[in-house]
Amino acid sequence: AKADQLDKPLIFNASLGLEADARRALEADIEAGLDRDEFFVVYQPIARASDGSTASVEALLRWEHPTRGAVPPDVFIPVAENSKLIRRLGDFVVRSVCEEIGAGASHTVSINLSPAQLNDARLCEHYLREIHAHGMTAEAIEFELTEAVLIDDFEQAKARLVELHDAGFKVNLDDFGTGFASVGYLHMLPFSKIKIDKTFVQTIGRGEGANKMLQALALLGDALSLDMVAEGVETEGQAAMLRLLGFEYLQGWHFGHPLPASQLKTRKRNHAA
Ligand code: C2E
Ligand code: CA
Ligand code: CA
Ligand code: CA
């Protein structure tokens, strides 16, 4: 039930409206929270559309504040992005993945990267060292990046993405279709997968126009030879439609909620279509 509460869309980017004072207070709280071990990572399965088996698990950051309660990432990530804290949070997630999933998993781990993290010229080197120290290889990690990463400095972002890709990490485009960017840059970047936002999935069954939109996205994936991932899949009806349209990967409560690593039951091929 806790996981559900954190997914209310009304808090989306709520922190952007915070007053400077509230923002500074939250920053100080994030820093203290890191020192007090209030952060943890949950993992949500990303299933192969073909048979429902787990291809990857997405690492999602959680913050349980002693008095604020569960603070959703949509609130604290944007605040952290405006300070050096995003780096500490990002490092915390990678370290947690290394310690909690580690080498030998039968699936990859998908990790969200903030655009701000790409300003760090040593990001790739730094994460490679960390995962190697835990006996993991780059091939076990997929990074998810939104197109916001391309706005500031396209050439710098491209260089960083190529670096990650060449090191063996997979790089996937997250929240495709919710931003302002065009599809024109897609073929210039080393993406492996395109993940569409859950708002698209929620339109399934709401008229023919919605399905045509999803169909167009699936065809775009075909044209670029990129695998398509849909998130926010909550019902078998949605899953069936997305399979029909040619989506390769499905993620959402229908396939599993985000859970701490200790509670994660990696599904084998028991969820066939
Ligand atoms: P996102 O990357 O688009 O993640 C998908 C969100 O959808 C997650 O929200 C997930 O819990 C939620 N979700 C999963 N399945 C379903 C479903 O079937 N129905 C519905 N309604 N929702 C579902 P969450 O965990 O609150 O994360 C929100 C956003 O915060 C993420 O969006 C991501 O942008 C950011 N975030 C989370 N963890 C991290 C992190 O470690 N680093 C960075 N940079 N950003 C993170
Ligand atoms: Ca994501
Ligand atoms: Ca999303
Ligand atoms: Ca496809």
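The values are calculated or read from the model by the stated rules, or taken from the named source; none is laboratory data. No experiment lies behind these values; they were computed from the predicted model shown. Quick reminder, even Gly has a Cβ in these numbers, built from the backbone with ideal geometry, and neighbours come from all protein chains shown. Keep in mind that these areas ignore ligands, DNA and RNA; they rest on the heavy atoms of the full protein, side chains included. Shrake-Rupley method; radii C 1.70, N 1.55, O 1.52, S 1.80 Å.
Numbers at a glance
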{"item": "Of the criteria (1) among the hydrophobic types (A, V, I, L, M, F, W, C); (2) touching a residue at least 12 places away in the same chain (Cβ under 8 Å); (3) surrounded by fewer than 17 Cβ atoms within 10 Å (Cβ to Cβ); (4) part of a helix (DSSP H, G or I), which one Ile86 fails", "result": "(3)"}
{"item": "Residue selected from the stretch 83-112 under the condition in contact with an Asp or Glu (Cβ under 6 Å, 6 or more places away or on another chain) and of a type in the set (Ser, Thr, Tyr), by the criterion farthest from Lys170 (Cα to Cα)", "result": "Ser83"}
{"item": "Any chance Gly256 is touching a residue at least 24 places away in the same chain (Cβ under 8 Å), part of a loop (DSSP other than H, G, I, E, B), within 21 Å of the chain's Cα centre (by Cα) and away from ligand 4 (no atom under 15 Å from the Cβ)", "result": "yes"}
{"item": "Answer from Val233, Val229 - the residue that is within 16 Å of ligand 4 (Cβ to nearest atom), under 15 Å from Trp253 (Cβ atoms), in contact (Cβ under 8 Å) with a residue 24 or more places away in the chain and touching a Phe, Trp or Tyr at 6+ places or on another chain (Cβ under 7 Å)", "result": "Val233"}
{"item": "Residue among Gly209, Gly205 that alone is more than 16 Å from ligand 4 (Cβ to nearest atom), in a helix (DSSP H, G or I), open to solvent by 50 Å² or more (accessible area, probe 1.4 Å) and over 22 Å from Leu113 (Cα atoms)", "result": "Gly209"}
{"item": "Options Val79, Val75, Val41; residue that is among the aliphatic types (A, V, I, L, M), open to solvent by 10 Å² or more (accessible area, probe 1.4 Å) and either assigned to a helix (DSSP H, G or I) or touching a Lys or Arg at 6+ places or on another chain (Cβ under 9 Å) (or both)", "result": "Val75"}
{"item": "Which numbered condition Thr178 misses (of (1) assigned to a loop (DSSP other than H, G, I, E, B); (2) touching a residue at least 60 places away in the same chain (Cβ under 8 Å); (3) within 16 Å of ligand 3 (Cβ to nearest atom))", "result": "(2)"}
{"item": "Conditions (1) surrounded by 16 or more Cβ atoms within 10 Å (Cβ to Cβ); (2) in a loop (DSSP other than H, G, I, E, B): number failed by Ala148", "result": "(2)"}
{"item": "Sole exception among (1) modelled with pLDDT of 95 or more; (2) buried (at least 21 other Cβ atoms within 10 Å of the Cβ); (3) within 17 Å of Leu113 (Cα to Cα); (4) within 16 Å of ligand 2 (Cβ to nearest atom) for Ser192, by number", "result": "(2)"}
{"item": "Leading residue by the ranking (nearest to ligand 1 (Cβ to nearest atom)) among those in the stretch 153-177 that are at pLDDT below 95 and on the phi > 0 side of the Ramachandran plot", "result": "Asp175"}
{"item": "Any chance Glu58 is within 21 Å of Leu259 (Cβ to Cβ) and either in a strand (DSSP E or B) or open to solvent by 60 Å² or more (accessible area, probe 1.4 Å) (or both)", "result": "yes"}
{"item": "Matching option when the condition is away from ligand 3 (no atom under 15 Å from the Cβ), hydrophobic (A, V, I, L, M, F, W, C) and open to solvent by 20 Å² or more (accessible area, probe 1.4 Å), among Leu186, Leu259", "result": "Leu259"}
